[in-house]
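Visitor: Shown below is the structure under consideration.
The values are calculated or read from the model by the stated rules, or taken from the named source; none is laboratory data. None of these values were measured; they are calculated from a predicted model. Virtual Cβ from ideal backbone geometry, glycine too; neighbours counted across all protein chains shown. Calculation scope for accessible area: heavy atoms of the full protein, side chains included, ligands and nucleic acids excluded. Shrake-Rupley method; radii C 1.70, N 1.55, O 1.52, S 1.80 Å.
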Amino acid sequence: MAIKVDCQHCGKTLTAKDSAAGRTAKCPNCGEPVVLPKADEIYDAEDDFGSLGEAEDDFPSSIGDNQKPCPMCGEMIASVAKKCRHCGEIFDASLKKKAKRASSSGEEEMTVVDGVICVLCPGIGCILGIIRAIQGNATGGKMIGISIGMIIFWNVLKVLIATMVR
């Protein structure tokens, strides 16, 4: 039987050998110390979600009932948790920055439809760009820039055509 425990910092479910009961180990997901339950506190779970690294002796040997409700979902979590294991809300500033960088990296590319809207309907493209910029999407600034450039281009083209027709 293996010991299964949730990391109180990142919420990941970890697995360790029975011989590690009552010891402290490092979470492979966030690197923070995790206290393993003693033999009389061990519960049986079926899934194997991860394993624990080497033990660290400089961390307290018991967690106790230090829990608080998550401000987002209301579920009970460890009072030192950096992330809610129920809703996924991140409380730690450094983890939040990492998550934002990871999620924003996929948002930096405009789609073909975005480009077509900015070129053919620059007013609408500019409005959509402003909305996306307010939402924190990286494509918002690009859409605004392209739309403003296309507004200038279409107006210059209109003036050139008007002067050639006269």
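Visitor: Does LYS98 count as touching a helix residue (DSSP H, G or I) at 6+ places or on another chain (Cβ under 7 Å), within 26 Å of VAL5 (Cα to Cα) and open to solvent by 70 Å² or more (accessible area, probe 1.4 Å)?
Guide: Details: touching a helix residue (DSSP H, G or I) at 6+ places or on another chain (Cβ under 7 Å): no; within 26 Å of VAL5 (Cα to Cα): yes; open to solvent by 70 Å² or more (accessible area, probe 1.4 Å): yes.
When the stated conditions are applied, LYS98 does not pass them.
Visitor: Tally the residues that are β-branched (Val, Ile, Thr) and touching a residue at least 40 places away in the same chain (Cβ under 8 Å), restricting the search to region 14-32.
Guide: Number of matching residues: 0.
Visitor: Please give the number of the condition GLY88 fails out of (1) more than 30 Å from GLY129 (Cβ to Cβ); (2) of a type outside the set (Lys, Arg); (3) open to solvent by less than 90 Å² (accessible area, probe 1.4 Å); (4) modelled with pLDDT of 55 or more.
Guide: Status for GLY88: all satisfied but (1).
Visitor: Oh, and also: Name the single residue that is surrounded by the fewest Cβ atoms within 10 Å (Cβ to Cβ) among those in region 125-139 being without any contact (Cβ under 8 Å) to a residue 12 or more places away in the chain and closer than 15 Å to VAL113 by Cα.
Guide: Result: ILE127.
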